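Working notes, structure below.
The values are calculated or read from the model by the stated rules, or taken from the named source; none is laboratory data. Just so you know, these numbers come straight off a predicted model, no measurement behind them. Glycine also receives a Cβ, built like all others from the backbone with ideal geometry; neighbour counts cover every protein chain displayed. Protein only, heavy atoms only, side chains kept; ligands, DNA and RNA dropped before computing areas. Shrake-Rupley method; radii C 1.70, N 1.55, O 1.52, S 1.80 Å.
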2 protein chains.
Amino acid sequence: MNLNAYLVSRQKMIDRALDSHLPKANVKPPTIHQAMRYSLFAGGKRLRPILCLAAAEACGGKTSQALPLACAIECIHTYSLVHDDLPSMDNDDFRRGRPTCHRVFGEGIAVLAGDALLTVAFEIISQAKPTKRYSVATLLRETAAAAGSQRLIAGQVADLEAEGKKVTRQQLRYIHENKTAAILTTAVRLGAMSANADSKKLSAITNFGRALGLAFQVIDDILDVTQTTEKLGKSAGKDLAAKKATYPAVIGLEKSREEAGRLTRQAHRGLAIFSSKGETLRALANYLLEREY
Amino acid sequence: MNLNAYLVSRQKMIDRALDSHLPKANVKPPTIHQAMRYSLFAGGKRLRPILCLAAAEACGGKTSQALPLACAIECIHTYSLVHDDLPSMDNDDFRRGRPTCHRVFGEGIAVLAGDALLTVAFEIISQAKPTKRYSVATLLRETAAAAGSQRLIAGQVADLEAEGKKVTRQQLRYIHENKTAAILTTAVRLGAMSANADSKKLSAITNFGRALGLAFQVIDDILDVTQTTEKLGKSAGKDLAAKKATYPAVIGLEKSREEAGRLTRQAHRGLAIFSSKGETLRALANYLLEREY
């Protein structure tokens, strides 16, 4: 399998679908649609939607069934970045190598662009095709819960409240589980649901998603310490400067690397029941977890 | 009909339902649930959810079927107020007679509380009971579209961009149609849908909602000019001070009153086909449109 070619073709598929779901940039009022598109088409890796599609395939489903759900997840992910970057939150000037949404469009429009991306995610969910086991109501509940005040937003709140304070390893795990792993887990769960996965497969894909999501965030934390701004496309060392709760800060760099390895192996174990159908997910996990760190 | 007793009993019914849909204030992380509840239980009139329930009844349905939809609408309305009050938007210190969310919890948490209220609205929609004509997917699409970048958020953007500029009557109408009338119209439409209304009834309730929503906003604009801060529970004269686009500013106080009257009559015409079943909606329209101005 040529992973690079695969990633590029999947990114194109997802970009086309996202483009079709979003109002064009000249639709009234143009400012908001320009701002939404500025952040959504900023060269993101489309990691979560790609995982969603791959999970659907691992469960014997079609990418076309999973595609709206994959798009919804990417809209939610992008909304969370736009709001997270705001001056009242992380106050970040750069994201994916470009000025953040509020730097370009102003803070008020950035708040609204995030709101609009979150809202359009749910509008897209309304267009998803239900399966025998999973109704649109079930897909909606799954997505809203993952994005809600006890998951994604809970992670943001805990992250915000941890700034400048000494956090325990347990608190750090709580932040990562909710801020990163929740949406990533839901991405693969929605993919599995679009393939009408039975409870055994859904449970395996859930374990995979959670371990992958945690590993991914640990590695992100490590990269913030070890990489340059240029390579990251966002401000490096920012976490340290802002006294953010990160793995290297709490347990040290070496232990963080061990933790990433342990979680990676755990993610792989989750894929065992998919045998050869899990190959793509396996390759994606390796790709994500073997980033330079 | 004793309207006051009716309103109080409906407010209680809606408050109880909202309370059951929202995580308790001590659920982790408490800050976000306290902030959500602070704004959601700030003594709002519950106008939109009450209209939703009354529309269901006018169409021969039950309030219990409409109640989750009514709650979702109130969560969306409250989220829009929380974000609208932010320093980067209208920068309002008071709302419903109390300090605004960001004044109490800080700007970051207020952004997240708004996000969480919007998200929980969709989670509540997932629990709505579909009818023969209207699936959960249809209810979801209706709600997301009303809250989205071409309706509610479009109105906010246009409002933000109109600040300090001279706006035409047409632009003002665009702002009000999207910022206020869209959600109010969706409130009564969702009520009608929960009652499995046929297309004729749905169309009549839509016309009613739009006219009522516009009339309501014209009157709100008038009250901002003519009332005191104490009576309004929010900063009076604020619109004028901020050079906001309002009816009195664009067409004058007298013409604004005429416009309110014209829209009120239009709203009443929309209720004609409901005959005696439309009594409650009629009484609510009169109540809303005969506020002191």
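Burial here means at least 40 square angstrom less accessible surface with every protein chain in place than with the chain by itself, probed at 1.4 Å; in segment A:139-160 the buried residues are A:Leu140, A:Arg141, A:Ala144, A:Ser149, A:Gln150, A:Ile153, A:Val157. For segment A:180-225 versus segment B:169-227, the inter-centroid distance based on Cα atoms is 42 Å. Could you tell me which of B:Thr206, B:Ala195, B:Asn286 has its Cα farthest along the dipole of chain B towards the positive end, charges placed at Cβ (Lys, Arg +1; Asp, Glu -1), taken about the Cα centre? After comparing all options, I get B:Ala195. If I model a spin label at A:Leu253 and B:Arg16 as a point 7 Å from the Cα along the Cα→Cβ vector, what separation in nanometres do I get? Inter-label distance under the simple model: 6.1 nm.
The mean sequence separation of alpha-carbon pairs under 8 Å and at least six residues apart, normalised by the residue count of segment A:103-206, gives a relative contact order of 29 percent.
Leaving ligands and nucleic acids aside, the A/B contact buries around 3600 square angstrom of accessible area in total at a 1.4 Å probe radius. Distance between the C-alpha centres of segment B:148-168 and segment A:262-293: 47 Å, rounded to the whole angstrom. Between B:Arg262 and B:Ser276, full extension at 0.36 nm per residue minus the direct alpha carbon distance yields a gain of 2.8 nm.
Accessible surface for B:Val167 stands near 20 Å², nearest 10, in the context of the full protein assembly shown (1.4 Å probe). A label point on A:Leu223, set 7 Å along the Cα-to-Cβ line, lies at 5.2 nm from each of its counterparts in the other copies, closest listed first. In this assembly of identical copies, the label point of A:Gln127 (Cα plus 7 Å along Cα-to-Cβ) is separated from its counterparts by 2.9 nm, sorted shortest first.
Sorting B:Tyr174, A:Tyr134 by solvent-accessible area of protein heavy atoms yields B:Tyr174, A:Tyr134, largest first, with a 1.4 Å probe.
Using a probe of 1.4 Å on the protein chains alone, the accessible area found for B:Ser39 is around 20 Å². Per-residue 3J(HN,Hα) values for segment B:208-220, derived from phi via the Karplus relation 6.51 cos²θ - 1.76 cosθ + 1.60 with θ = phi - 60°, read 4, x, 5, 5, 4, x, 5, 4, 4, 6, 4, 5, 4 Hz in sequence order (x marks Gly and Pro).
If a spin label sat at a point 7 angstrom from the Cα of B:Arg133 along the line to its beta carbon, the backbone N atoms of segment B:261-290 nearer than 15 Å would be those of B:273-274.
Please report the spacing between the Cα centers of segment B:53-118 and segment A:40-92 in Å, no decimals. Going from one Cα centre to the other spans 27 Å. In this structure, B:Arg169 and A:Arg103 have a Cβ-Cβ separation that, at R0 = 45 Å, corresponds to a calculated FRET efficiency of about 0.80.
Cross-linked pairs A:Lys28/B:Lys201; A:Lys24/B:Lys12; A:Lys12/A:Lys255; B:Lys179/B:Lys255; A:Lys166/B:Lys12: Cα-Cα separations exceed 32 Å for A:Lys24/B:Lys12; A:Lys12/A:Lys255; A:Lys166/B:Lys12. Between copies, the label points at B:Gln266 (set 7 angstrom from Cα along Cα-to-Cβ) are spaced 5.9 nm, reported in nanometres from shortest to longest. Put a dot 7 Å past the Cα of A:Asn4, heading toward its Cβ, do the same for B:Asp93, and the two dots end up 5.9 nm apart. Accessible surface area normalised per residue over chain A is 39 Å², counting heavy atoms of protein chains with a 1.4 Å rolling probe.
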